Amino acid sequence: MTPAEPSPAHAHAEPVERVGRGWTAALALANGAIWVGWFGPLQILLASQSEDFAPGSGMSKETMLAWVTGVGAVVSLLANPLFGALSDRTTARRGRRTPWIVAGAAGGALSLLLLAGAGGVWTMTAAWCLVQLTLNAAFAAITAAVPDRVPRLQRGAVGGWLGAAQILGVVGGTGLATAAGGIGAGYVACAVFTMLGVLPYVLCYEDLRLSPADRPAWSFRGFLTGFWLSPRHHPDLAWAWLTRFLINLSNALVLLYLLYYLRDRLLPHSRLRSSGGTPIADPAEGVLILTAVNALTLLATVVVGGVWSDRVGRRKPFVVWSGVLMAVATAALSAWQTWPGAIVAAAVLGVGFGVFTSVDFALMTDVLPKAADRGKDLGVINIANALPQVAAPALAAPIVTYLGGYQVLYLVAAVIGLAGAGLVGRIRGVD
């Protein structure tokens, strides 16, 4: 433990000492490494494998990708709160969160290597489910470390740095998958980065320990009933969850078929050119460019939005207006289906999602009911990140195939995001 970090406190205590920059940077790097492991496959590799495996399988590449990502998201729905609850009860010498970060990252790296050797849709699906299972173990523990250690009026700033690491993880995963030179090499690159990225945090910073006497009792029935966020008993948590779900569903609808959107819609009708002026023939390069544009504008707002929210002591206005801005950008994708339109939409989405990522995370930690269940409750909240990955394919596939194509898809996504922004006003316990 470095001198800049707060001394270990009771695991269930409300934190009061501000965390240092080193702790925040190490946790952010670990968070970014997990997102590399997720989004290298989600942005590029799974779509490329689906395209390779679709001929002769009886499924289109869109249906196969929707099937694989949807089943994996179902695993994520259960894994995140399960491992969060287990970390709430872990009494290991290394602390209650660190063992799960290590095990989850190592398991995720091995699962990515299994994906590299997948020979068909069934082995690809099984390996992706293992990736979701293991990386969610690490992610649940990383997320729970924030309310464990960070005081309330610093959580917007820390959430901003975690959000910055998240988008850098998305960009890094996309870049590794694109530049590695093949599907197998892309998976190997993502696996190595995922494992190495968590090491500074787990090796340099001491975790809070939970004594056996303070360990919450385990009840599988209680765990299952904990999935229900009762609007009567915890209305703010329930409304906050619904807000996050709808805005993330809107974002998932935009991202799911981005590779196919460029290949099937924009490339045949536009002269896409890179920053060097050369024509873009590979849709994966287009995805990387849009992801990079989105990342630049997101990075410009994610930390600033969180710090600003901490200073004024308010959360809801930031979440509302960021959601509205994202809905406007998504609607622009529907009305302006050109390469310049995609660039502008990616930039505006980044501005909105940057503020939303940091401030919404702080808002979520502010409405947690009990310190003893931080990991589990954040896991349930994180379902609002994973469930859109299940719902998005179910909504997007029939819209693209039968109900009007990408123009209708992005209009539906805009309406869903706007509804999420509007529901923030129902939260009463946070300004």
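Can you tell me the dipole magnitude for the chain around its Cα centre, using point charges on the Cβ only (Lys, Arg +1; Asp, Glu -1), in Debye to the nearest 20?
Details: 29 positive and 21 negative charges, 149 e Å.
With Lys and Arg at +1 and Asp and Glu at -1, about 720 debye.
How large is log10 of I(q)/I(0) for the stretch 294-431 at q = 0.12, 0.20, 0.21 Å⁻¹ when the intensity is taken from the Debye formula with one equal scatterer per alpha-carbon? Here log10 of I(q) over I(0) equals -0.54, -1.26, -1.32.
Using the Kirkwood formula over every pair of different C-alpha atoms, what hydrodynamic radius in Å results for the stretch 58-137? Computed over Cα pairs of the stretch 58-137, the Kirkwood hydrodynamic radius comes out at 13.4 Å.
Considering only GLY58, GLY352, ALA109, and ranking their Cα positions along the charge dipole of the chain that arises from unit charges at the beta-carbon of Lys, Arg, Asp and Glu, the one farthest toward the positive end is GLY352. Helical content alone sets the calculated 222 nm signal of the chain at -24500 deg cm²/dmol, taking -39,500 (n - 2.57) per DSSP H segment of four or more residues and averaging over every residue. Mind pulling the angle between the C-alpha long axis of helix 374-402 and the longest principal axis of the chain? Nearest 10 degrees, somewhere in 0 to 90. It works out to around 10 degrees. Relative to the longest principal axis of the chain, what angle (0 to 90°, nearest 10) does the C-alpha long axis of helix 121-149 take? Rounded to the nearest ten degrees, it is 40.
Once the Cα atoms are used to define both axes, helix 155-179 deviates from the longest principal axis of the chain by about 40 degrees.
Projected over all directions and averaged, the alpha-carbon convex hull of the stretch 294-334 occupies 2.9 nm². Within the listed set LEU113, LEU403, LEU349, the Gaussian network model of the chain (springs between alpha-carbon atoms below 10 Å) gives the highest mean-square fluctuation for LEU403.
Please pull out the direction-averaged projected area of the stretch 350-431, using the convex hull of its alpha-carbon atoms, in nm² to one decimal place. For the Cα atoms of the stretch 350-431, the hull's average projected area reads 6.5 nm². Counting every alpha-carbon pair across the stretch 307-363, the share separated by more than 18 Å comes to 37%. Comparing GLY197, GLY156, GLY84 in a Gaussian network model of the chain where C-alpha atoms under 10 Å apart are linked, the largest mean-square fluctuation is found at GLY197. Three principal axis extents describe the C-alpha atoms of the chain; from largest down they are 63, 44, 43 Å. Estimated at 0.36 nm per residue, the fully extended path between THR63 and ALA106 surpasses their Cα-Cα distance by 12.4 nm.
Read-outs: derived from the displayed coordinates by stated rules, not from any lab. All values reported here derive from a predicted model rather than from experimental measurement. All Cβ positions, glycine included, derive from the backbone under ideal geometry; neighbour counts span all protein chains shown.
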